[in-house]
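*Asks:* Structure incoming, see below.
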C-alpha cells in the first residue's frame, strides 16, 4: 500500500510541476513538454525491460529511435513517381546480393572445414565481391533518383499511407534490426555490448544521413502528414471560435493547444497500453525467469534455461518499444532530421531516466522519463535565472557576467550529470525501486 | 615449540563456523601438512592463519609473538610467506618481475635471494624474461613458491601446491619443498594428496569437519590404520 | 617519375594524416586501456577528460599570448602543455575522490562504474561548455608548416606536392616521446611494475604489500597526462570544439578494443589500424591510378570504396567487426568480468 501511495504522490507532483509551467509560462509549452515526456517515458520503458529485467546494456537507443523515424517516411510520404522509372527496383536487388555475399561468408566461416587463414582470405574476397557488385548495380539508379528534383524529392518517397501506421511499422523495423544486432552481439560482455550497440546506432545514423535516396539525408524530410488536424483548419471551425471567446485567448493559441492535446491523448493511450503489457509480462513466468537469469546467470544456465534466446527476446521487445516511440517523436515533429540524432540526447539521457526512475520498475521509468525530460527542457531557463541571481550585484557590462549568462544553458549538462551521480551514490534503486516479486 | 602456531581457532563465514577449536602449527625447519576430506576446513585454516579471514576465537603466534590482529601484509613483514591455491602469480609479468614483486616490501638489495630462488628452480632462471602466464602448470607453481620466498620468510604457507599438476611434476615439487625446509624455512601446507604430503612431513594434522581428528608425525599417521582407511584410501 | 608522383600522393593524403590521427587515437586509447586494466571499467568520460585538458591548454595559451610571452615560431600550446597537464591530473583526481573511489571501495560491478562514468561525462561536458562555451576555438599559433607543397615541388620538380603541417610534426614527435616514457615507466621502474602487477592480480598485489591507493593515484596521473596531450594535439591539428570530443570517444574505444583492451601495445596498434582504415577506405584513388595506369585503362568515377562522409563510420564498422569476430582484439587483451 505504501508503495502505491508513493507512486501516486510522485505522479501527482509531476503533474503539478507541469501545471506550473502552464500557469506561469504557457499552456502551449506545458503541453509540448508533456508530449515529449510521454515519448521519453516510452523509450525508458524500452530500456528498462532490457536493463532492469535482463541486465542487458543497450546503448543503441538513438539508432532504434531513428529507425522509427525512418518508418514515418516509408509509410506516410507520397511516392516519388519518377523514382520507380529510374530503376529503383534495382536497389533492393543490389542490397540482396550484398546480403547473400555476407551470408555465404558466414556459412564459410561456420560450416567449412578450411583453415582459419583460408577462411579469412575467402571471406575477404566474398565480401569485397558482393560489395562491388552491389555498388555496380545500385549506383546508377541511386544517382538517377537523387537527381530527380533534388530540392523537393530526390528520394524514393513512401507509400502514402496514414502516418499512424508508421508507429507499429517503426516498432517492427526496430525489432527486425534488433534481431540481427542481438543475434550477433548479445554474447558479448556488458561493456562491450554497450560499446557495440553505441557503434551500431552511430552507423545507422550515418546511413540515414548519407543515403539521400532513402531518407534525403541532411536535406531532411519535411511536411510529414499528421494523425491530427492542422491548426489552420481548426481556426475556422465554429466550436473552436466559441472556445476562443469562452477562454478569451487568441485563436492561434487555442488551435495549437487543441492539436497538442489530441497528440497527448493518443500518446497517453499508447503509453498506458505498453505499460499494461509490460506489467503483465513481468508478472508472468516469463518475467520471473528473466529476473532469475539476471540475478544468477550461472545457476539459471545450469537449470537448462536458454539464456541466449531469452535475452534475444527481451532485446527485440525493448528495441521495438523504442522504435515505436521514435516513430511517434518524428510524427510529432512533423519532419525527419537525421542530424538531430545525438547519443547524448537520445541514448544517455534515456539511460539517466531509467536509472533515476528506478531500474526494474516500469512506473519508475515513466516518472524518470517525465522528470528528466522536464528538467532537461526547464534547466535552461532555470540555469539562466540562477546565474542572473548570483551575478545580480555585478554590473551588466562586466565580461565575466555576460560570459556566464551566455553559457548558462550548458548548466543543464552539469545538472543532469550531477543528479545521475547523486542517484547512483545515495539512492541506487531510484525513485521507485524494483518490486521484489 | 611451534614457530607458527594457530591455537584453538574458531572461525567461519557469516554465522556458520567452519573451524572449531582447531590447532595447527609447524616447527622451525620442519614440514607440517594439514590433510583431510573435502570440506574439512583445510584451506579455511590456512586463510585464517594468514589473516585473510577474521577468526572468532583463538590466537595465532609467530615466534611466540601474538599476531592475531595483524593484516596479511604485516604478517609478510613479520616473516610469513603465503602461496594461494589459485591466482597465485601475475600472469602478464615476466618471471623475474613476479619474483621482484614478491620482494616489493623489501627495500634493500635482494639479488642474493633471487640467486637462491634461481638455484632452487633453475628452470625459472632459464625463462626469467618470459611471461609467467605462458608457463606450464608446474612452472607456474614454481613461480608462485619463488615469489613467496623472496621475502626470506621464516614460514612458508602453501595452499594445495600440487593442485592441477601431473604426478611427476608433483613429485619434483615436493622434492623442492623438502629442500626449502632443509634450508631452515618452516613449511606449512594443505594437501589433497594426503599420502604423498605425509611422506615428506614431520608433522601431520588430520582435520575432519573443522576439528582436529589426529595429530602425529607424518610417518605415524601413515601407519595409523584408521587414518589409512578413512583418508588415504586403504 | 610517375611512380614517385603516385607515392608522394599517397604520402601526402594517407601516410602523414594517418600517422597524425593514429597517434592522437593511440594516446587516447592508451588512457582508456590503462583505466580499464587498473581500475577495471570502461571510462566513457575519457573524451571529456581530453576536452578538459584541451580547454586548459587553450585558456593558458590565451593567458600567455596576452602577456606577450612568445617562443619564436613554436606553438604556444605546446609550451603551456606541462601546466595544463597538471590541471587535467588535478581534475581527474578530484573526480576520482568524489565519484569513482566510492564504487571501487564498494567493489561495484564494472557496468555500474561505466554508468557512473556517463554521469561524469555529462558533468564534465557541461562544465567545459560553461567555462569556454560551445563554439569553435582555433589556438594554433606560430609557424604553420614544416614543409610547404610549393617548396617541395620546387625542390623536387614533381607534380605532386608534399605538405607537412607543424601540428602533424609536433603530434608525431610528442606521441613518440610520450609512448617511450610510458613504456619505460611501466617496464623498468618499480612503481610501473607494481602497477602492472596490480592490474594482473589485485589480491596477490595486496598480499605483496603494494599500496592500492598509490596505484590509483599513479593511474590517474598517467591518464590525465595522456588525455591532456591527446586532446591538445587533436585540437591543434583539427580545431577545438567541445562537441567533437564526445564523438571522439567511440573511435578511441574502437582503437583500444581493436588492438586488444588492456594491452598498451595493442592500443597503439589499434590507433593506427583505425586511422589508416578510415583513410584508405574513403580515399579517392582516381588520381593515384592516373599516375600508374596507362590512359586508356583508367576507369570512370572517383574510385572510392566509401564516400568520405562515412569516414568516422569506418571506425565503428571495424569496431563492430572486431567485437564480433575476435573480441580480444589483435593483441590478446584482458577480459575483466
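Here, each number is a calculation from the coordinates, and none is a lab measurement. Owing to the predicted nature of the structure, the values given are computational and were not obtained by experimental measurement. Neighbour counts are summed over all protein chains in view; Cβ atoms, including those assigned to glycine, are modelled from backbone coordinates with ideal geometry.
*Asks:* For labels at residue A:132 and residue B:65 in the simple 7 Å Cα→Cβ model, what's the distance in nm?
*Replies:* Taking the simple label geometry, residue A:132 and residue B:65 are separated by 7.6 nm.
*Asks:* Rg(Cα) of the protein assembly as shown divided by 2.2 N^0.38 Å?
*Replies:* Cα-based Rg divided by the globular estimate yields 1.10.
*Asks:* So how tilted is helix B:137-149 from the main axis of chain B? Cα-based, degrees 0 to 90, rounded to 10.
*Replies:* 90
*Asks:* Choose one answer from A:163, A:259, A:61: the residue with the largest mean-square fluctuation in a GNM of chain A with alpha-carbon springs under 10 Å.
*Replies:* A:259
*Asks:* Just report the Cα centroid separation between segment C:119-175 and segment A:25-64, whole Å.
*Replies:* 40
*Asks:* Kirkwood Rh over alpha-carbon pairs of segment C:52-127, then Stokes-Einstein at 25 °C and 0.890 mPa s: what D in µm² s⁻¹, rounded to an integer?
*Replies:* 171
*Asks:* Using a 7 Å offset from the Cα along the Cα-to-Cβ direction at both residue C:106 and residue A:90, what is the distance between the two label points in nm, to one decimal?
*Replies:* Label-label distance for residue C:106 and residue A:90, simple model: 5.9 nm.
*Asks:* If neighbour count is taken as other Cβ atoms inside 10 Å, put A:6, A:311 in order from fewest to most.
*Replies:* Lowest to highest Cβ neighbour count: A:6, A:311.
*Asks:* When the convex hull of the Cα atoms of segment C:2-325 is projected onto a plane and the area is averaged over all directions, what value comes out in nm²?
*Replies:* Value for segment C:2-325: 19.2 nm².
*Asks:* Using alpha carbons only, how many angstrom separate the centre of segment A:225-272 from the centre of segment A:76-141?
*Replies:* Centre-to-centre (Cα) distance: 48 Å.
*Asks:* Okay, next question. Cut-off 10 angstrom, C-alpha nodes, Gaussian network model of chain A. Which of A:62, A:134, A:416 fluctuates the most?
*Replies:* Of A:62, A:134, A:416, the Gaussian network model singles out A:134 as fluctuating most.
*Asks:* Let me ask another. Given a Förster distance of 41 angstrom, what is the FRET efficiency for residue A:19 paired with residue C:247, based on the Cβ-Cβ distance and rounded to 0.05?
*Replies:* For R0 = 41 Å, the calculated efficiency reads 0.60.
*Asks:* Something else now. What does the C-alpha gyration tensor say about the overall shape of segment A:83-150? Classify as rounded when a/c is under 1.5, otherwise prolate if a/b is larger than b/c, or oblate.
*Replies:* Note, shape of segment A:83-150 comes out prolate.
*Asks:* How much of the DSSP beta bridge set in the protein assembly as shown is antiparallel, as a percent to the nearest 5?
*Replies:* 60
*Asks:* For the pair residue A:104 and residue A:220, what calculated FRET efficiency results from E = 1/(1 + (r/R0)^6), where r is the Cβ-Cβ distance and R0 = 22 Å, to the nearest 0.05?
*Replies:* 0.05
*Asks:* If you don't mind, there's one more thing I want to ask. Taking only Cα atoms and a 10 Å spring cutoff, compute GNM fluctuations for chain A and point out the largest among A:356, A:270, A:122.
*Replies:* Per the Cα network of chain A with a 10 Å cutoff, A:122 tops the list.
*Asks:* Would you mind classifying segment C:126-242 by shape? Square roots of the alpha carbon gyration tensor eigenvalues, ordered a ≥ b ≥ c; an a/c under 1.5 is rounded, otherwise it is prolate if a/b is larger than b/c and oblate if not.
*Replies:* Taking the square roots of the gyration eigenvalues as a ≥ b ≥ c, segment C:126-242 is oblate.
*Asks:* OK, next. Which residues among segment B:88-111 fall inside the zone where the amide N is under 14 Å from a point 7 Å beyond the Cα of residue C:265, along Cα→Cβ?
*Replies:* In segment B:88-111, the label zone of residue C:265 (backbone N under 14 Å from the point 7 Å along Cα→Cβ) covers B:92-94.
*Asks:* OK, next. So what's the gap between the Cα centers of segment C:235-269 and segment B:1-52, to the nearest angstrom?
*Replies:* Between the Cα centres of segment C:235-269 and segment B:1-52 lies a distance of 51 Å.
*Asks:* Oh, and also: Sort B:46, A:414 so the one with the fewest other Cβ atoms within 10 Å of its own Cβ comes first.
*Replies:* Placing the least packed residue first, the sequence is A:414, B:46.
*Asks:* What's the FRET efficiency of residue A:230 with residue C:309 using the Cβ-Cβ distance as r and R₀ = 25 Å, to the nearest 0.05?
*Replies:* 0.10
*Asks:* If you don't mind, another one. Once you have the Cα-Cα distance between residue B:166 and residue B:225, take 0.36 nm times their residue separation minus that, and quote the gain in nm to one decimal.
*Replies:* 18.5 nm
*Asks:* Roughly how many nanometres apart are two label points built 7 Å out from the Cα toward the Cβ at residue A:3 and residue B:16?
*Replies:* Calculated label separation equals 3.0 nm.
*Asks:* When the expected Rg is taken as 2.2 N^0.38 Å, what fraction or multiple of it is the alpha-carbon Rg of segment A:1-121?
*Replies:* Cα Rg divided by the expected 2.2 N^0.38 Å: 1.82.
*Asks:* Take the Cα atoms of segment A:154-219, build their convex hull, and give its volume per residue in Å³.
*Replies:* Once divided by residue count, the hull of segment A:154-219 is 99 Å³.
*Asks:* For chain A, take every pair of Cα atoms, bin their distances at 20 Å starting from 0, and report each bin as a whole percent.
*Replies:* In order of increasing distance, the bins hold 22, 51, 25, 3, 0 percent.
*Asks:* Once Rh is set to the Kirkwood radius over Cα pairs, what Stokes-Einstein translational diffusion coefficient, in µm²/s, holds for segment A:166-313 at a temperature of 4 °C and a viscosity of 1.567 mPa s?
*Replies:* Estimated diffusion coefficient is 64 µm²/s.
*Asks:* Can you put A:279, A:242, B:191, B:160 in order of Cβ neighbours within 10 angstrom, beginning with the fewest?
*Replies:* In increasing order of surrounding Cβ atoms, one gets A:242, A:279, B:160, B:191.
*Asks:* Calculate the all-directions average of the projected area of segment B:4-231's alpha-carbon convex hull, and give it in nm².
*Replies:* For the Cα atoms of segment B:4-231, the hull's average projected area reads 11.9 nm².
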